[in-house]
């Protein structure tokens, strides 16, 4: 680190990249799964938490988009406030984007009721 501001730049970047992951995890646990996890399915190969090619696309999209929003202020001066609060920006954007994407995915697949029944039965 060359000067005192370098540490703050580094911490903002780390916060902006890791906070969307926390936002996705919080959104899934509190909103989507309603604080209930199916522990057997969590550790099974073909369980409820098995996703296409091993990736849950709504989570990846929410993480990348929220990370970009939280770090855009480093490059675009008009968005400096988002960058200064990158930890909160990333978490809040990821939380909202993930909920919207998952709800769209469940509605499109007709799985809303199936998801609720599966969580209750676990």
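Odds and ends about this structure:
- Dimensions in Å of the range 23-87 - Rg and Dmax from alpha carbons: 16.0, 48
- Crossing angle, helix 86-109 versus the chain [Cα axis fit, 0-90 degrees, rounded to tens]: 30 degrees
- The base-10 log of I(q)/I(0) for the range 4-121, evaluated at q = 0.11, 0.12, 0.22 Å⁻¹, reads -0.43, -0.50, -1.16 [Debye formula, identical scatterers on Cα atoms, solvent excluded].
- Protection proxy ranking for 13-25, 76-88, 46-58, using the average of other Cβ atoms within 10 Å per residue and placing the highest first: 13-25, 76-88, 46-58.
- Cα-based radius of gyration of the range 5-52 once divided by 2.2 N^0.38 Å, which approximates compact folds: 1.65
- Per-residue Cβ neighbour rank within 10 angstrom, fewest leading, 5, 63, 89: 5, 63, 89
Laboratory data are not the source of any read-out in this text; all were calculated from the coordinates shown. These numbers were taken from a predicted model, which means no experiment stands behind them. Reconstructed Cβ throughout: ideal geometry from the backbone, glycine too, with neighbour counts over all protein chains shown.
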